[in-house]
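A.B. asks: Sharing a structure, written as structure tokens. Questions coming.
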Amino acid sequence: MDSEIDITADSCPMTFVKVKLAMESLPAGASLVIRLNGGEPLKNVPASLRDEGYGVEPAVKDGEAYRLVATKPADAE
Amino acid sequence: MLTDHQMRRYSRQILLPEVGGRGQSSLMDAHIILQGCGSIGAPLALHLAAAGIGRLSLFEKDHPVTPAWQRASGLEATSEHPFPSRRACLAEALGRHFNPDLDVTLVDSDTLSKDGTLFSSPSIVVFADALPDSPPHVLRVLNAQKACKAVVLATVEQGKGVLNVGSIPHNSVDEEGGCVWCALSSIRRASHHHESSFSVTQLNTLSLLDSITSGILATMAAGEILRCLIADASRSLPTGHLTTALLFDALTGEERAVSVETAADCLLCGDRG
């Protein structure tokens, strides 16, 4: 089962700080489900994840928020 | 595991690809021994505390808080808080304003030379004070214990700032460039061969420049120390021991890297060590 994190109550830069720390704690190849708000988080969090080499699936609407799935590369240390 | 408060406090550096959660944890696990709380040591300690260093041992005899020290450190000992010494003033500021989680220990500098048990777990040892001609006893103790990741020497000599980040002999057997004391010898030779009208006497008179040189050195030393601590937790930074040796002159603005050579007669790692 994928790990989950809800950052809808956070604002920049804590949104990506929490996601980044959660991704670092995952084993290689594992995924993280991220619940985030639209607007700035929806724009910046996926972009930052890609910049750091994580795989990111397109966000999907989840009530008032969005759901995003990020995956740690299988060859990550 | 970082608390929410720590995440907020260090958020901007955690975001750096070279730092992240692992790098921040390395900083929080680190123990720095700092010899000297003067115009270099004090601002250096502030940088380290603000970055999230976990444990800091301050070694110094009691020195009074003077206007020159207050100017260099940016700290104040007001009549409402008449601190008995500059290290006490510094320790209070570190905990209150820069890092409430910091574990600060004040130790008399004589203890640093005598009590080897204090060196059981230092990450880095910093000498931010006038350096003697022969290696301090503590370097021999650290070498014998094979403790310590790096040694930092930051001081003002011949009117110039000297910064030297290196390893002690047990860490540098298979590396080129010699130990930290070889590096200091190289710096001293380079300094003596370098013409300058900026004498020690002038520096002492121009106390503002003294503060500037010390502050620049402190900031550069803090950067090197943090980089050294983070390097092991990051794949984006070079690992291994740093070999920074440079001279800095505040009057000319000149900064000069000094090539370090292994000295066969080094008092620490050479035949006489």
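The values are calculated or read from the model by the stated rules, or taken from the named source; none is laboratory data. None of these values were measured; they are calculated from a predicted model. Note: ideal-geometry Cβ built from the backbone for every residue, glycine included; neighbour counts use all protein chains shown. The protein model used for the area step is the full one, side chains on, heavy atoms only, and it has no ligands, DNA or RNA in it. Shrake-Rupley method; radii C 1.70, N 1.55, O 1.52, S 1.80 Å.
A.B. asks: Which residue, of B:Phe59, B:Phe83, B:Phe98, B:Phe127, is under 14 Å from B:Ala222 (Cβ atoms), in contact (Cβ under 8 Å) with a residue 12 or more places away in the chain and among the aromatic types (Phe, Trp, Tyr)?
C.D. replies: When all the criteria are applied, what remains is B:Phe98.
A.B. asks: Look at the range B:1-34 and say how many of its residues are open to solvent by 10 Å² or more (accessible area, probe 1.4 Å), facing chain A (nearest Cβ under 7 Å) and touching a residue at least 40 places away in the same chain (Cβ under 8 Å).
C.D. replies: The qualifying residues number 2.
A.B. asks: OK, next. State whether the residues of the range A:55-71 include one that is at negative phi, within 14 Å of another protein chain (Cβ to nearest Cβ), outside any helix (DSSP H, G or I) and surrounded by 15 or more Cβ atoms within 10 Å (Cβ to Cβ).
C.D. replies: No: zero hits.
A.B. asks: Let me spell it out: the conditions are (1) at pLDDT below 65; (2) within 18 Å of the chain's Cα centre (by Cα), and B:Ala257 meets all of them except one. Which number is the exception?
C.D. replies: (1)
A.B. asks: A follow-up question, please. Only residues that are among the aliphatic types (A, V, I, L, M) and touching a residue at least 40 places away in the same chain (Cβ under 8 Å): list them for the range A:33-77, please.
C.D. replies: Across the range A:33-77, the qualifying residues are A:Ala65, A:Val69, A:Ala70, A:Ala74, A:Ala76.
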